[in-house]
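Here, each number is a calculation from the coordinates, and none is a lab measurement. No experiment lies behind these values; they were computed from the predicted model shown.
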Amino acid sequence: ADQLSSSAPPALVRWTIDRVRGSVRRTQLDDRPQEFPRVSDARVGRKHRYGYTAATADFLKAYGHGSTPDSAFSNGLVKHDLVTGRSQFHRFPQHASASEALFVPRAGAHAEDDGYVLSYVHNPDRNASDLVILSAQDFTGTPIARIHLPSRIPLGLHGSWIAHT
């Protein structure tokens, strides 16, 4: 995510560096405020089609970005198809702020989005976090699992997935 000024909400931006011409191009990919962009760890630094971000109204308010762009803005995760420009939104209840989305490939997967998206989601009813697991290919569907954790995981905690070997 990117911010041009401290008062602007974070946005999903692609920076393209042309080493031959010595130029840099900035392209905003989505108008919605969002943070914590991730791709599959296997695709970092390589061409990729899918990316995932967190779009949380409560996060923006907590970090001094004021109100959200409109009353329809909600808390959730976004799956971006960077080839078609389309996106899918997995909505969470109001005040259930989602943190960084982490993609975990399914064992034996061949498609780039064949796997799972994991995120810590603050559950305001319990004042604790849940680890929510979504199917990346059924991103807007019902979560595969919701693991209730005993305490709150702070927003902004970064994670990695390391497969058991």
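Values for this structure:
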item	result
P(r), alpha carbons of the range 73-165 - 10 Å bins starting at zero, rounded %	16, 48, 30, 6, 0
Rg in Å to one decimal, and Dmax rounded to a whole Å, for the range 86-128 via C-alpha atoms	13.3, 39
